[in-house]
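Heads up: the structure comes next, in structure tokens.
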Amino acid sequence: MATDKAKITLHWLDKSRSQRILWLIYELDIPNKAIFELKTYKRGSDMLAPKALKDVHPLGKSPVIEVQGPGQDKSIVIAESGSIVEYLCEHFGRELIPKRYPEGREGGVGAETAEWIRYLQFMQYAEGSLMGMLVMGLVISSQSHRTPNHCYSRNWLTFQVHLADDYTH
């Protein structure tokens with residue numbers, strides 16, 4: 001690759017969570033800071049990802065990004081939404097990441113700033129506590145014609161939105 005810009009390739013699968021990575025890429029203005037390529041894949045009639053995604057990463061799922069640094073012949077492959085978000089923010093959105101340590105306390109155990117701890121917890125909350133319950137809520141709501149539990153999932157989602165709001169303030 002004969003350029004002074006990195007190349008970022010997003011492997012995007014329809015009906016997947018890769019849409020939020022595409023959104024982040026545009027919010028961080030990556031197409032103007034790097035060479036950006038979007039490769040799209042469609043699910044089969046069985047709703048599984050195509051084999052072509054396994055050729056990119058052994059998990060065979062999306063989102064996945066490939067990153068090729070300036071002057072490098074080989075790219076790195078990163079899977080999992082949380083890892084991709086952290087990587088892209090580290091390289092293209094440093095202003096979004098709070099300062100980890102106060103001046104003079106770099107690397108100290110327990111010296112992290114309250115802002116950075118909140119950032120760390122919120123990054124993990126999206127994939128940990130929130131995602132499992134969102135998926136469960138989706139399953140329950142898709143069966144709402146069979147069960148009255150859809151009220152539970154709606155109330156739970158409202159609670160999670162308020163909790164996320166508390167994390168950010």
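Being in a helix (DSSP H, G or I), modelled with pLDDT under 80 and in contact with a Phe, Trp or Tyr (Cβ under 9 Å, 6 or more places away or on another chain), is that true of even one residue in segment 139-147? I'd like the intermediate steps shown before the answer.
Filtering segment 139-147 for residues in a helix (DSSP H, G or I) gives 139-142.
Those still in the list that are modelled with pLDDT under 80 too: 139-142.
Then keep just the ones that are in contact with a Phe, Trp or Tyr (Cβ under 9 Å, 6 or more places away or on another chain); that gives 140.
Yes, segment 139-147 contains a residue that is in a helix (DSSP H, G or I), modelled with pLDDT under 80 and in contact with a Phe, Trp or Tyr (Cβ under 9 Å, 6 or more places away or on another chain).
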Take segment 36-92 and flag every residue that is in contact (Cβ under 8 Å) with a residue 60 or more places away in the chain and either outside the structural domain of LEU22 (by TED's automatic domain parsing) or surrounded by fewer than 14 Cβ atoms within 10 Å (Cβ to Cβ) (or both).
-> PRO70, GLY71, GLN72, ASP73
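The values are calculated or read from the model by the stated rules, or taken from the named source; none is laboratory data. Since the structure is predicted, the reported quantities are computational estimates derived from the model, not experimental observations. Cβ sites come from the backbone with ideal geometry, for glycine too, and all protein chains shown count toward neighbours.
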